[in-house]
Amino acid sequence: MKPELSVVIPVYNEEAGLAKLFARLYPALDKLAERGVSYEVVFVNDGSRDNTPLILADQFRARPDVTRVVLFNGNYGQHMAILAGFKATRGDIVVTLDADLQNPPEEIGALVDKMREGYDYVGSIRRKRQDSAWRTYASKAMNRLREKITRIKITDQGNMLRAYGRNVIDLINQCSEVNTFVPALAYTFSRKPTEIIVEHEERAAGESKYSLYSLIRLNFDLMTGFSIMPLQWFSMLGMVLSLLSGGLVALLLIRRFAFGAEAEGLFTLFAIAFFLMGVILFGIGLLGEYVGRIYQQVRGRPRFVVQTILERQELTEKDGV
């Protein structure tokens, strides 16, 4: 029988914290099973360079009835790992969970209960974030900017503890986007989305795999992948600057005829010229972001390569694979 719940967990170099994850995840899911919620856990190893694949293989052997492991041949990023997990899932409810235990596995039951109320997408809001101050403030600022640009209402975009209905998962599996942001993509497909408040804890072990550069790149993917508003804003900025430049030229001509040649404003003109050059370079960079994504998309290369999938043979045979 297909499970009602599938839990997708992307994993990258998490050997130090996997034992703690297993010790909390499976008891929490077993409690749900006592309530009649059948489940499976789909781990996606995103090209880990430590002993993570071996630990996941051992866990598969320990709980082969509810555990499946997707192994990538390289590192393709968290969202590609989630998309690969979506393709492997069989449950009517799919929950994504990070492996670092910042989102307690015990909260999965709250998401399932909310989904059973008829929602097809349940996001989560961290009650009290346990991240560093700069990351918390930067995330909140990007949340506000992202909502204005994309019109996608996600209160806490950095929290990956979310639940998706099978209808949303099937639509996501039909997409072939190279650069995407899974929660935002799901929001665009959902008919009845909602959010709940969940607990948030400190990382169980290791360090975050997202650097400042990675977070910036992720937000570029989010904004350019779901809206052309940045280009429209820049077009309007170009028109405004053109009008101001025309006015400045007219003013300088009037001053020249009225007062003669002047040299005092030379440095002001340099400052204006440097400002305009900076705006132009920024615009070229913004346009390059869109063109670069088009280039990646039209190449048609696989978004990720699955090396192997560890699962019970009878599961494969029942599904007709």
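Things worth noting here:
- Taking the criterion of being in a strand (DSSP E or B) and charged (D, E, K, R), the only residue of the range 68-98 that qualifies is R68.
- Residues in the range 99-127 that are open to solvent by less than 50 Å² (accessible area, probe 1.4 Å), over 22 Å from D170 (Cα atoms) and either in a loop (DSSP other than H, G, I, E, B) or among the charged types (D, E, K, R) (or both): A99, D100, L101, Q102, N103, P104, E107, R126.
- If the condition is being of a type in the set (A, V, I, L, M, F, W, C) and within 18 Å of R68 (Cβ to Cβ), then the range 10-27 contributes V11, L18, L21, F22, L25.
- Long-range neighbours under 8 Å by Cβ, at least six apart or interchain, first residue under 8 Å from V11 (Cα atoms) and open to solvent by 10 Å² or more (accessible area, probe 1.4 Å) within the range 43-54, second of a type in the set (D, E) and assigned to a loop (DSSP other than H, G, I, E, B): S48/E14; S48/E15
- Test for N73: is it in contact with a Ser or Thr (Cβ under 8 Å, 6 or more places away or on another chain) and more than 29 Å from K114 (Cα to Cα): no
- Across the range 238-246, a minimum of one residue is classified as of a type in the set (G, A, S), open to solvent by 70 Å² or more (accessible area, probe 1.4 Å) and modelled with pLDDT under 90.
- Residue in the range 69-79 that is farther than 23 Å from S176 by Cα, in contact (Cβ under 8 Å) with a residue 60 or more places away in the chain and buried (at least 20 other Cβ atoms within 10 Å of the Cβ) present: no
- Search result, residues across the range 29-46 that are over 18 Å from R312 (Cα atoms) and either acidic (D, E) or in contact with a Pro (Cβ under 9 Å, 6 or more places away or on another chain) (or both): L29, D30, E34, V37, D46
- The set of residues in the range 67-114 that are charged (D, E, K, R) and over 15 Å from the mean Cα position of the chain (by Cα) comprises R68, K87, R90, D92, D100, E106, E107, D113, K114.
- Flag for I93 being closer than 30 Å to T67 by Cβ, open to solvent by 10 Å² or more (accessible area, probe 1.4 Å) and at pLDDT below 95: no
The values are calculated or read from the model by the stated rules, or taken from the named source; none is laboratory data. Values in this document were obtained by computation on a predicted structure and should not be read as measured data. We place every Cβ from the backbone using ideal geometry, glycine too, and count neighbours over all the protein chains shown. Calculation scope for accessible area: heavy atoms of the full protein, side chains included, ligands and nucleic acids excluded. Shrake-Rupley method; radii C 1.70, N 1.55, O 1.52, S 1.80 Å.
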